[in-house]
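Heads up: the structure comes next, in structure tokens.
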Amino acid sequence: MLDARPVSEGEVPEALASRGWSDFVLSLDDGELASVEVDGLDARWPERTPASLRALVALARAVCSMSALVPAGAPVAGLRPRETHRKRAQIDAFHALVLSVAARATRVVDVGSGHGHLTRALAERMEHPVIGLERDAVLAARARAMSEGRGPSFAVTDVLRDGLAPLPGDCFVGLHACGELGDAMVTSVARAPGTSLALVGCCLQKRRQLSRLPLCPIPGMGNQLELSRRLLGLSNLTARDEGVEASRSENLAARERRLALHRLLADRWGPLRPGSEMDGLNRRVAQRDLSFLVARAFAHRGAPAPCAAAIEQAARWAREAHARVRRLSLPRALLARVLEVYVLLDRAMVLERKGFVVRVGTAFPADASARNLALVASPISA
């Protein structure tokens, strides 16, 4: 099912056809489609939904059922400089998680500290030293300036290149530590008795390797659970009305433009792999109008852009193809959260086997961020 990615031409994936689901998903009207996309595993599927698809929904819902690690409803304090309401809600909730594991820490290390919002929040309420690690020297400099000489310190380091050097009593924290960085934090803490960890992962596909192997292999499974970057990227998709960088309608329009661009490039150079239409381009360019996107993509390839009539024809085709692809993608999209939960539990097992007490659950509501799965680990003696 994970490999059943619909192609832009609308060919029905075998995983859907063999289960008898394709006619059903293609019959969904726009309202039904939007409801299932936005509400995901919590959606009310139409009565005519095939029984086997209902069973998959129920199983995925059960697998992804997670308790909240932080009580909901805590008031959000006033915003700090460069901070949004959603970011503040995430930081306040995550801060409560850190407090639950850092009581006996001698130092708190914020890995991937960025502008230092979380780092400063921790330093304000803790007596032990707090340090932020950031590989981007510009961001680290901004964090220092915003700290006004008080509170935490910031160091420039590339953790994936240089590694971590845990000291007994260290508490490592990472709010939206992307992909490989989250794995590196888990494995570093697992090798360092007396340390602790609070982690919310994100963007599982962001890694140098082409795939992810389990950190805690399951006996008898071999490499069956090796996941490519393409599949890991599925876990980062969300169709909620309010996205991280754009609204749902804007994101859908951008995907439609990308389909039209893919078609135009394929007409010019032959078949392309999915997603390659954006090679060499910032993905945010897809939020611009189609003519601009096409001009940039063709210029990057050293060729003149197609005429306006060809672009309009591709846009009409993309509208129809996108509507079909959205429907055929629904069963696969059900597994996006399952993938995220799998990686979370794989990380938790590594730490449990090394003698840590581990809790998993949601750090904050999905309306603060859809990437809200958290792991906290303490030494068993804590």
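By the compact-protein rule of thumb, 2.2 N^0.38 Å, the alpha-carbon radius of gyration of the chain corresponds to a ratio of 1.07.
In the elastic network of the chain, a GNM with C-alpha springs shorter than 10 Å, the most mobile of E320, E180, E47 is E47. Using the 1.4 Å probe convention, the accessible area of the chain works out to 49 Å² per residue with neighbouring protein chains retained.
Taken one residue at a time, the phi angles of the range 357-362 give Karplus couplings (6.51, -1.76, 1.60, θ = phi - 60°) of 8, 10, 10, 10, x, 9 Hz. Gly and Pro are set to x. The distance separating the Cα centre of the range 135-179 from that of the range 248-268 comes to 38 Å.
Karplus-based coupling profile of the range 117-123, in residue order and whole Hz: 4, 5, 4, 5, 4, 5, 5, with θ = phi - 60° in 6.51 cos²θ - 1.76 cosθ + 1.60 and x standing for Gly or Pro. Assuming a ≥ b ≥ c are the square roots of the Cα gyration tensor eigenvalues, decide whether the range 89-170 counts as rounded (a/c under 1.5), prolate (otherwise, with a/b larger than b/c) or oblate. In terms of gyration-tensor shape, oblate.
Rg then Dmax, both in Å and based on the Cα atoms of the range 264-382: 22.1, 70. The H on the amide N of F154, modeled in the peptide plane, is under 5 Å from the matching H of G132, each at least 5 residues off or on a different chain. Overall, the accessible surface of the chain at a probe of 1.4 angstrom is composed of carbon and sulfur to the extent of 53 percent. Relative to one another, the C-alpha centroids of the range 287-304 and the range 1-45 are positioned 31 Å apart. Annotation: amide H-H contacts under 5 Å for K354 (H modelled 1.01 Å from N, sequence separation of 5 or more, or interchain): none. Ellipticity at 222 nm from helices only: DSSP H runs of n ≥ 4 in the chain, each -39500 (n - 2.57), divided by the residue count, give -13500 deg cm²/dmol.
The values are calculated or read from the model by the stated rules, or taken from the named source; none is laboratory data. Note that the structure is a prediction, hence the values are computed from the model and not measured. Calculation scope for accessible area: heavy atoms of the full protein, side chains included, ligands and nucleic acids excluded. Shrake-Rupley method; radii C 1.70, N 1.55, O 1.52, S 1.80 Å.
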